[in-house]
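The values are calculated or read from the model by the stated rules, or taken from the named source; none is laboratory data. Just so it is clear, the structure is predicted and the values come from calculations on it, not from any experiment. Note: ideal-geometry Cβ built from the backbone for every residue, glycine included; neighbour counts use all protein chains shown.
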Amino acid sequence: MLGSKYLLAAVFAAIPFATHAVESTYTFDSISDIEQRVSRTLLTGILVDSTTTTILFTADSIPGFTNRCERLFGFMVDQPGTHTLSVTIDVFTPPSSPAVPNPAEQSVLVNCKLHLKP
């Protein structure tokens with residue numbers, strides 16, 4: 001009986017609670033639009049070394065985290081051409097459940113950083 005408990009514990013330890021992808025960082029040369037939703041942010045702008053518009057859709061990693069990045073987002077709009085903005089997101093798939101057997105991927109904002117252009 002004791003051996004089966006260890007086997008069961010090993011099986012549960014091997015089951016991932018959420019499938020994580022590698023974090024991705026996007027560096028914007030300019031931001032043209034910021035849209036704040038309940039706990040989500042849409043950033044629209046031009047990435048460094050690109051000429052096409054990119055829309056990045058993120059969710060807060062913890063409630064209120066985006067609020068700390070809002071000043072950086074706004075600075076990019078107010079002071080165009082002086083800085084670049086790096087935004088790091090983690091895309092993951094939450095664990096499935098009987099109610100949601102195939103959950104959709106979610107992107108979570110984990111870091112934002114403003115860089116002064118040389």
Among the residues listed as L42, L47, the single one being modelled with pLDDT of 90 or more, among the hydrophobic types (A, V, I, L, M, F, W, C) and either more than 23 Å from P118 (Cβ to Cβ) or surrounded by 13 or more Cβ atoms within 10 Å (Cβ to Cβ) (or both): L47
Filtered residues of the stretch 36-54 (kept if assigned to a strand (DSSP E or B) and charged (D, E, K, R)): R40
Subset of the stretch 69-108 [in contact (Cβ under 8 Å) with a residue 12 or more places away in the chain, out of contact with any Leu (no Cβ under 9 Å at 6 or more places or on another chain) and of a type outside the set (G, A, S)]: E70, V77, P80, V91, F92, T93, P94, P95, E105, Q106, V108
Those residues of the stretch 55-79 which are modelled with pLDDT of 70 or more and in a loop (DSSP other than H, G, I, E, B) amount to Q79
Look through S107, S97, S86 and report the one residue that is of a type in the set (S, T, Y), surrounded by fewer than 13 Cβ atoms within 10 Å (Cβ to Cβ) and modelled with pLDDT of 75 or more. S97
